[in-house]
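**Q** Below you will find the structure I want to go over with you.
The values are calculated or read from the model by the stated rules, or taken from the named source; none is laboratory data. These figures come from a predicted structure and were not determined experimentally. Heavy atoms of the whole protein, side chains included, go into the accessibility calculation; ligands, DNA and RNA do not. Shrake-Rupley method; radii C 1.70, N 1.55, O 1.52, S 1.80 Å.
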Amino acid sequence: MSNNDFLDVVVNRRSIRRYKDKKIDRQEILDILNLAVKSPSSRNMQPWEFVVVESDEAKDNLSQMVYSNVQQIKTSSFALIIFSRQILEDNIEVVAEGEVVSGNFPAENKDEYVAYMKKSYASMDDDSKAHIATFDAGLLTANFLNAARHFGYDTNVIGGFVRDQVKNAFAPADNLNPAIVISVGIANEEGKTTYRIPAEDITKFV
Ligand SMILES: Cc1cc2nc3c(=O)[nH]c(=O)nc-3n(C[C@H](O)[C@H](O)[C@H](O)COP(=O)(O)O)c2cc1C
């Protein structure tokens, strides 16, 4: 059952920290992720990778690294760890090849594009790259929350985790840092409504 009501998806999303006992199959998880990766990213470098923590053993392991956020992890159908790729240029080749295969630009332009991008990233410092990677992971996160709701699931974004421990236990590669953890499942609580400062109070038109 998918929710195509954009306003309901966005307006009625709230952090859910207790879930019903339900497994979500891997294809559906990939379907949610394939919506999430529609997020924009700086120069389309898509500097993210995912680890789906779904087994009881892996959830138990992760739950020891999340301070007071244990219930969300333990009751979730799965927890998603979004890793951000600190070296943005690592994805140039794979993105260039994908653009060619998708027909977005001609094969003969690929080498020139790759060379241009590599040169451009060579002059960028590591802090700027890390900032971009983290920012892009944030955009992906917001998209993921809404994509999950489209599929009927709720979420809790969890920034409270021990970064080194999560990196050591779950990172697919050393140049990937855990940006955020998100618990996902079918809500087993209402969730609290939370206040938003009205846009009128925080917006200046110039
Ligand atoms: C970057 C980030 C980190 C967060 N970390 C936690 C966390 O560690 N534990 C938790 O219970 N909620 C966490 N939250 C959820 C926020 O508390 C929540 O989004 C906020 O209070 C607004 O409530 P809502 O999500 O229900 O709209 C985090 C949210 C964000 C965006």
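**Q** Grab the eigenvalues of the alpha-carbon gyration tensor for region 1-68, scale each by 5, take roots, and send me the semi-axes largest first in whole angstrom.
**A** After scaling each eigenvalue by five and taking roots: 24, 20, 14 Å.
**Q** Right, next: Residue by residue, what Karplus-based ³J(HN,Hα) values in Hz, rounded to whole numbers, does region 158-164 have, using 6.51, -1.76 and 1.60 with θ = phi - 60° and x for Gly and Pro?
**A** Those phi angles translate into 10, x, x, 8, 8, 4, 4 Hz.
**Q** Hand me the tally of lysine pairs in the chain: alpha carbons under 18 angstrom apart, and the pair either on different chains or 8 or more positions apart.
**A** 13
**Q** If you don't mind, there's one more thing I want to ask. I need the shape label for region 6-187. Rule: rounded when a/c is under 1.5, else prolate if a/b > b/c, else oblate, with a, b, c from the alpha carbon gyration tensor. Walk me through the numbers on the way to the answer.
**A** Numbers: a/c = 2.29, a/b = 1.64, b/c = 1.40.
It is prolate, given that a/c is not under 1.5 and a/b is the larger ratio.
**Q** Quick one: accessible area per residue over the chain, 1.4 Å probe, rounded to a whole number of Å²?
**A** 58 Å²
**Q** Carbon-plus-sulfur fraction of the accessible area of region 6-187, 1.4 Å probe, in percent? Kindly include the intermediate steps, with their values, before the conclusion.
**A** Working: 4650 of 9200 Å².
The computed percentage sits at 51.
**Q** With a cut-off of 8 Å between alpha carbons and a minimum separation of six or more residues, what is the relative contact order of the chain in percent?
**A** 38 percent
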